[in-house]
Amino acid sequence: MSGDFDTIRDASSSDEVQLVRLLEEKIKSLQIEIENLRKELNYYKAEMEKMLSPPLIEAVVLDVLPDGRVLVRSSSGPNLVVNVASHIDQKLIKPGVSVALNQRGSTILEVLPQKEDPIVKTMEIVEKPNVTYSEIGGLEEQIKELREVVELPLKKPEIFREIGVEPPKGVLLYGPPGTGKTMLAKAVATESNAVFIHVVASEFAQKFVGEGARIVRELFEMAKRKAPSIIFIDEIDAIGAKRIDIGTSGEREIQRTLMQLLAELDGFNPLDNVKIIAATNRIDILDPALLRPGRFDRIIEVPLPDFRGRTEIFNIYLKKMKIEDNINLELLSQLSEGFSGADIKNVCVEAAYMAIRDGRNKVTMKDLVDAITKINVKRNNMESMKERREKYS
Ligand SMILES: Nc1ncnc2c1ncn2[C@@H]1O[C@H](COP(=O)(O)OP(=O)(O)OP(=O)(O)O)[C@@H](O)[C@H]1O
């Protein structure tokens, strides 16, 4: 009999255990559900807050005024003088930075993340260029002028302020290909401790159809953010050639890009720590609007090197190479009349290859003379190809 009771008690206690387990599981699953519902509730609350909060106005900082207020260009149009909310680190407010204003447009509430255009990223930006004046042969006058009109105002703007003259905003370098225009611009950036931003104007027009004007705007904003900086616009004639007829949409697009460039040039201060250097092989076709005072108003010719210049350039490249003792720099310079700095560099590289092919570890005078002949033939072929192209186009 007692065995039967035991069985009944055992049975009921095992049911109880099962029931408790069931209840525990139920509680657990309800707790998980509560947690999920809470998350969902928070999500909808946050969404509702976002929908109900007033929109902010996007703006770009143009200048920080001496009293701490900030001049901005709002996305809705006008320039505004605004305050900065106390929670914002004042150091982050610099020209070119994107910010969000409150709805009344009176106060900066947020510093927006810098959205650098992927197109701007395709430009060559050298934070610390390393070309020095000593690596450039035969352009002493041009270096002297660039030092005065670009390097000095970047390094010591106070000198200009004190004496009351404005340095040029833009400098135009013109001359045949390969004469060192890019090198000069890079060297000025190095020696002025400025960031070097290199853009090729023909790429604005070809690659980014419909976006040229925006790219120019972004380019200047980035240059201000990275200041002190030098914007180097190569082949400026691609967007800056005078146009008799602007009929096609491509021509209108180029015109818009040029107008934006002129507006940017007009809009900044000559003593801002951004300088523009442009280069062209075709100054004859440039729109005179580009060369007006306050734009590219300093024009520097970068010609083919003369006898002394060629000697210096040969010396610069041969100094770095293993050469025989009997190298006659004057003779090399005589034989390479009409060569650009880039041609002379090619001569030195070619001569080195001749020595390598011969299994020698030193370049001889004969290698250099042969290389001059070879580069000359190449130059003549290129010249006649160009003439033929011009004749039949
Ligand atoms: N005066 C020079 N002294 C030393 N090297 C030079 C000189 N001129 C040109 N070079 C050499 O030729 C290369 C090409 O020169 P660079 O790109 O500066 O010419 P550029 O005038 O800008 O040409 P382009 O008009 O074709 O853009 C330089 O990287 C440098 O190696």
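Observations, loosely collected:
- Qualifying residue in the range 65-73 (condition: at pLDDT below 85 and within 22 Å of ASN273 (Cβ to Cβ)): yes
- Boolean, ILE215 is closer than 22 Å to GLY267 by Cβ and within 16 Å of the ligand (Cβ to nearest atom): no
- Output for the range 282-324, where each listed residue is surrounded by fewer than 18 Cβ atoms within 10 Å (Cβ to Cβ), in a loop (DSSP other than H, G, I, E, B) and away from the ligand (no atom under 14 Å from the Cβ): ASP287, ARG292, PRO293, GLY294, LYS322, GLU324
- Of the residues examined, ILE27 is one that is outside the structural domain of VAL97 (by TED's automatic domain parsing), of a type in the set (A, V, I, L, M, F, W, C), modelled with pLDDT of 90 or more and out of contact with any His (no Cβ under 9 Å at 6 or more places or on another chain).
- Qualifying residue in the range 301-319 (condition: over 39 Å from the mean Cα position of the chain (by Cα), among the polar types (S, T, N, Q) and at pLDDT 95 or above): no
- Condition met for ALA351 (crowded, with 17+ Cβ neighbours inside 10 Å, within 36 Å of the chain's Cα centre (by Cα) and among the hydrophobic types (A, V, I, L, M, F, W, C)): yes
- Residues of the range 241-281 that turn out to be hydroxyl-bearing (Ser, Thr, Tyr), at pLDDT below 85 and surrounded by 19 or more Cβ atoms within 10 Å (Cβ to Cβ), as a count: 1
- Taking the criterion of being of a type in the set (S, T, N, Q), part of a helix (DSSP H, G or I) and either crowded, with 22+ Cβ neighbours inside 10 Å or within 16 Å of the ligand (Cβ to nearest atom) (or both), the only residue of the range 325-345 that qualifies is SER333.
- Residue check: TYR44 meets all listed conditions (1) in contact with a helix residue (DSSP H, G or I) (Cβ under 9 Å, 6 or more places away or on another chain); (2) modelled with pLDDT of 85 or more but one, namely (1).
The values are calculated or read from the model by the stated rules, or taken from the named source; none is laboratory data. Keep in mind that what you see is a predicted model, and the values were worked out from it rather than measured. Cβ coordinates were reconstructed from backbone atoms using ideal geometry, including for glycine residues, and neighbour counts include every protein chain displayed.
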